[in-house]
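Asks: Pasting a structure here, questions to come.
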Amino acid sequence: MFDFQLFFSALLGWPLAKGALLTLALSLAVMGVSLVLATLLALAAGSAKRPVRVFTGTYVWLFRGAPALL
């Protein structure tokens, strides 16, 4: 027989809420870091220095192709 009390106590318990808060905090932190990194890479892509443009292009090419490798 299904125990609704056990189900709802597990669903609304502190461990699940703690995990959800940790996930939210990590998501916000990663979005902030990726925004800064993407802005710097976008600025570097327009650089007058060829080595900087090559590095930026290689970095973008590598990480755009990573999902296809997986």
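Bear in mind that the values in this text are calculations on the coordinates, not laboratory data. Note that the coordinates shown come from a computational prediction; the quantities given were computed from them, not determined experimentally. Note that each Cβ is placed from the backbone with ideal geometry, even for glycine, and that neighbours are counted across all protein chains shown.
Asks: Take each uninterrupted DSSP H stretch in the chain, measure its Cα extent along the helix axis, and return the ones at 15 Å or beyond whose mean Kyte-Doolittle hydropathy is at least 0.5.
Replies: For the chain, where a helix must reach 15 Å along its axis and average at least 0.5, the hits are 14-45.
Asks: I would also like to ask the following. Starting from the 7 Å offset along Cα-to-Cβ, what nm value, one decimal, do you get for the label separation of LEU41 and LEU11?
Replies: 4.0 nm
Asks: Hey, with R₀ at 25 Å, roughly what FRET efficiency would SER27 and ARG64 work out to, going by the Cβ-Cβ distance, to 0.05?
Replies: 0.70
Asks: With the radius of gyration and the Kirkwood radius both derived from the Cα set of the chain, what is their ratio Rg to Rh?
Replies: Computed over Cα atoms, the ratio is 1.35.
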